[in-house]
Amino acid sequence: MILRIAVLSMIALALGISACGGDESAPTQRATYDEGELRIQIETLDTGLLKGHAFVDAAEGWVVKDLRVEAHDEENVPWPVIEPERTGIGGANATEFFEVTIQELPRGQQITVEAVATLQERDGTVLERRVRDEWPP
């Protein structure tokens, strides 16, 4: 019995670690603007955490000033988001690994997870663009 629990724990750990690297088969939501393209990918549900990646590819002449993830329920109540890994800020391409702390969600309701990119053009113009996904799908 203890061996079975240990084996199952190792399998769960291995699956959790592989999910952190990005799941190419996970559905991706996209939004394309003149300033660039944003994508969000919710990849896995772990114990108490909804995990995924956000991406922004700025168009020529634009840079990514900031990238963050927000989550809220149907009543617009915000949910905690952990953003432990962000790369590419200040360049043309940025990515972010995120985790949403799952709270009690009433049956039949969804949460909205949004990637929010702040982009800046060479002339100083700053714009905010968003892409969203809903969970559960």
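The values are calculated or read from the model by the stated rules, or taken from the named source; none is laboratory data. Please read all numbers here as calculations on a predicted model, not as lab measurements. Note that we place each Cβ from the backbone using ideal geometry, even for glycine, and neighbour counts take in every protein chain shown.
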Revision key, fill the gap. Scanning segment 94-133 residue by residue, the ones that are surrounded by 14 or more Cβ atoms within 10 Å (Cβ to Cβ), assigned to a strand (DSSP E or B) and either among the hydrophobic types (A, V, I, L, M, F, W, C) or in contact with a Ser or Thr (Cβ under 9 Å, 6 or more places away or on another chain) (or both) total 17
Revision key, fill the gap. When every residue in segment 115-137 that is in contact (Cβ under 8 Å) with a residue 60 or more places away in the chain and aliphatic (A, V, I, L, M) is compared, the one nearest to Pro78 (Cα to Cα) is Ala115
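Of Ile102, Ile89, which residue is farther than 17 Å from Glu37 by Cα, β-branched (Val, Ile, Thr) and without any contact (Cβ under 8 Å) to a residue 60 or more places away in the chain?
Of Ile102, Ile89, the one residue that is farther than 17 Å from Glu37 by Cα, β-branched (Val, Ile, Thr) and without any contact (Cβ under 8 Å) to a residue 60 or more places away in the chain is Ile102.
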Review point. Residues in segment 81-89: is at least one over 17 Å from the mean Cα position of the chain (by Cα), under 26 Å from Pro136 (Cβ atoms) and modelled with pLDDT under 95?
Key: no
Revision key, fill the gap. Leu50: passes all of (1) modelled with pLDDT under 95; (2) not in a strand (DSSP E or B) but (2)
